[in-house]
Amino acid sequence: MATEIKPNTGTWTVKSGLAQMLKGGVIMDVVTPDQAKIAEDAGAVAVMALERVPSDIRADGGVARMSDPQMISEIIEAVTIPVMAKARIGHFVEAQILEALGTDYIDESEVLTPADENNHIHKHNFSVPFVCGARDLGEALRRIGEGAAMIRTKGEAGSGNIVEAVRHARKVLGQISHIKGMESDELMATARDLKAPYELVKGIHQTGALPVVNFAAGGISTPADAALMMQIGVDGVFVGSGIFKSETPHIMANAIVKATTHYKDPEMLASVSKGLGASMPGIDVRTLPESEQFATRGW
Amino acid sequence: MAPIGVLAIQGDFLEHINMLDSIGIESVEVRLPEQLENIDGLIIPGGESTTIVQLIDIYGMRQPLLEKARKGLAVWGTCAGMIVIAKHLKDKRPDPLGLMDIEVSRNAFGRQIDSFETDLDINGIDGPPMHAVFIRAPLVTKIGNEVEILAEVGQGKPVAVKQNRILATSFHPELTEDPRMHAMFANIAHSIQ
């Protein structure tokens, strides 16, 4: 039967639905079309197009902005998997530009220098879906309230240190199970304490889960790190500096993909972890002054 | 009756399992070749087709799956799954399984901002049209003689096709609350070959 389509684009279902398709996968930071192809060949479910990986942004200092649209377009041309790109927190014009380029997902990211210290982007206004970082459930639900169709932990990007991603994932998941076990009459006070929309808190109480897909990000640099985050209970992982700052990126990329699929299989994890060469150098996050921590950007 | 397998290596396999659950059909997650035994059908879910095909090969599932399909295993691919089971692709990759005599174009409706929802009439599904969710969806561009078109958007744009015991849809019934397509597939899978 032929149906004349009355297509309805940019709906919540198609925005949050794309994230559903990425589950169990690895999203990789890339800075050139060649890196994007390496990522695609290694089995990445999407790439994040940016000018500098977080560890270089950290090293360079200064103001970090949306990447050059020319570079993003070249990466879009180079691969068939979805292409994500970062806009500064609150910089809705960068987001408009990324949407116009045909970017498949926008990361409103603390890795870039925030443009607005009070307000995040009103993401419901866009047809393109957004992913946002969160350190706890309240932050995740505020972003979802603004229209984020996917959540990731903030972790501490460019540190090569998994400790913050673990902290944030455990916090969010712990708060979810706490709310699930509550009595209904405790939900309003909880929404007040979390500074989160009441309806979303109520939804968590009913379903025991976030209404969107939840990935880990920020500090994942080995296959074991990826599997750790999956076992803790996230839906998939972002790997930033960990791949193209390692000694053999294509091998590391493929190993992290396999570790993410078979995160519960220690023998598989042992086999993919062999012979990877040096991982990226790491930073002890406790030595970073607060002004140099990306995770504290946004609220 | 054996359960319906759901390929659980990447993508939205849980949504398929939940949908089968909601209509009382037993299902099982399939991650390794030996798990292809003792199932009546296999659903290949939405996800990234390049990733799914690559992982099928890495885990040595291609030959066992082709063999089972030759012996009559019912298979249903949704979105990425349609790409995975096609005979030909308009794109260079991935290298599909070739279970169904169709040519498929990936991302045929455009990028994510062009992803859409619409109501769809489908041959073999009684009652009101089905609500269909298309996310970076593929389109069937050529069909073989044995392939039956179940639904099209506009003229000449097939989005649901069937060949004997193999089914493919460009859209995601598992993202809606309508289990009719899952019931249809379960009927095919549990029917005597």
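Points to keep in mind about this one:
- The lysines whose alpha-carbon is closer than 30 Å to the alpha-carbon of B:LYS92, local same-chain residues fewer than 8 away aside, are A:LYS15, A:LYS23, A:LYS37, A:LYS86, A:LYS245, A:LYS258, B:LYS68, B:LYS71, B:LYS142, B:LYS157, B:LYS162.
- Euclidean distance of C-alpha centroids, the range A:163-195 and the range A:196-243, integer Å: 14 Å
- Packing rank of A:110-118, B:135-143, where each peptide gets the mean count of other beta carbons within 10 Å, highest leading: B:135-143, A:110-118
- Low-density loop positions, chymotrypsin sites (Phe, Trp or Tyr not before Pro), the range B:11-86 - DSSP coil, at most 14 other Cβ in 10 Å: none
- Couplings 3J(HN,Hα) for the range B:150-160, derived from phi with the Karplus relation 6.51 cos²θ - 1.76 cosθ + 1.60 (θ = phi - 60°), are 9, 7, 10, 9, x, 8, x, 10, x, 10, 9 Hz, where x marks Gly and Pro.
- Apportionment of accessible area to carbon and sulfur, the range A:1-105, percent (1.4 Å): 51 percent
- Surrounding net charge for B:ALA189, when Lys and Arg each add one and Asp and Glu each subtract one, Cβ distance under 13 Å: +1
- Cβ neighbours within 10 Å from other chains - mean over B:149-159: 3
- GNM result for chain A, Cα springs below 10 Å: residue of A:GLU156, A:GLU267, A:GLU146 fluctuating most strongly: A:GLU267
- Counting, for every residue in A:92-103, the Cβ atoms of other protein chains within 10 Å of its Cβ and taking the mean gives 1.
- Calculated mean residue ellipticity at 222 nm for chain B: -7000 deg cm²/dmol, from DSSP H runs with n ≥ 4 weighted as -39500 (n - 2.57), summed, divided by the residue count and rounded to 500.
- Annotation for A:SER73 and B:ILE23: the two label points, set 7 Å from Cα along the Cα-Cβ direction, are 4.6 nm apart.
- To put it simply, the accessible area of chain B at a 1.4 Å probe is 47 percent carbon and sulfur.
- Estimated vicinal HN-Hα couplings, Hz - the range B:83-100 in sequence order (Karplus 6.51, -1.76, 1.60; Gly, Pro = x): 5, 4, 8, 5, 7, 10, 10, 6, 9, 6, 9, x, 8, x, 6, x, 7, 10
- Accessible surface comparison of A:GLU199, A:GLU108, probe 1.4 Å, protein chains only, largest first: the order is A:GLU199, A:GLU108.
- Ordering A:GLY160, A:VAL83, A:THR248 by Cα displacement along the dipole of chain A toward the positive end leaves A:GLY160 in first place; charges were set at the Cβ atoms of Lys, Arg (+1) and Asp, Glu (-1).
- Calculated [θ] (222 nm, deg cm²/dmol) that DSSP helices of n ≥ 4 give over chain A, each run adding -39,500 (n - 2.57): -12500 deg cm²/dmol
- Among B:19-29, A:252-262, A:7-17, the order from most to least packed when residues are scored by Cβ within 10 Å on average: A:252-262, A:7-17, B:19-29
- Once the 1.4 Å probe is applied to the protein heavy atoms, chain A comes out at 39 Å² accessible per residue.
- Rough spin-label spacing in nm, given labels placed 7 Å along Cα→Cβ, for A:HIS124 and A:LYS37: 4.4 nm
- Sorting A:159-171, B:151-163, A:177-189 by average packing, meaning the other beta carbons within 10 Å per residue, from highest down gives A:159-171, B:151-163, A:177-189.
- Peptide B:43-55 is shielded by partner chain Cβ atoms: per residue, an average of 6 of them sit within 10 Å of its Cβ.
- Among A:GLY62, A:GLY277, A:GLY24: highest mean-square fluctuation, GNM of chain A, C-alpha pairs under 10 Å: A:GLY62
- Interface between chains A and B: roughly 3600 Å² of accessible area buried, both sides summed (probe 1.4 Å, protein heavy atoms only).
- Annotation: amide H-H contacts under 5 Å for B:THR141 (H modelled 1.01 Å from N, sequence separation of 5 or more, or interchain): B:GLU103, B:VAL104, B:SER105.
- Taking A:GLY240, A:GLY61, A:GLY158 as the candidate residues, the one with maximal mean-square fluctuation in a Gaussian network model of chain A, Cα springs under 10 Å, is A:GLY61.
- Minimum 10 Å² accessible area buried by the other protein chains, the range A:49-91 residues, probe 1.4 Å, relative to alone: A:ILE76, A:THR80, A:ILE81, A:PRO82
- Take the Cα of B:HIS190, step 7 Å toward its Cβ, do the same at B:ASP91, and the gap between the two points is 3.6 nm.
The values are calculated or read from the model by the stated rules, or taken from the named source; none is laboratory data. A quick note: this is a predicted structure, and the numbers were derived from the prediction, not measured. Ideal geometry is used to build each Cβ from the backbone, glycine not excepted, and the neighbour counts take in all protein chains shown. Accessible surface areas use protein heavy atoms only, side chains included; no ligands, DNA or RNA. Shrake-Rupley method; radii C 1.70, N 1.55, O 1.52, S 1.80 Å.
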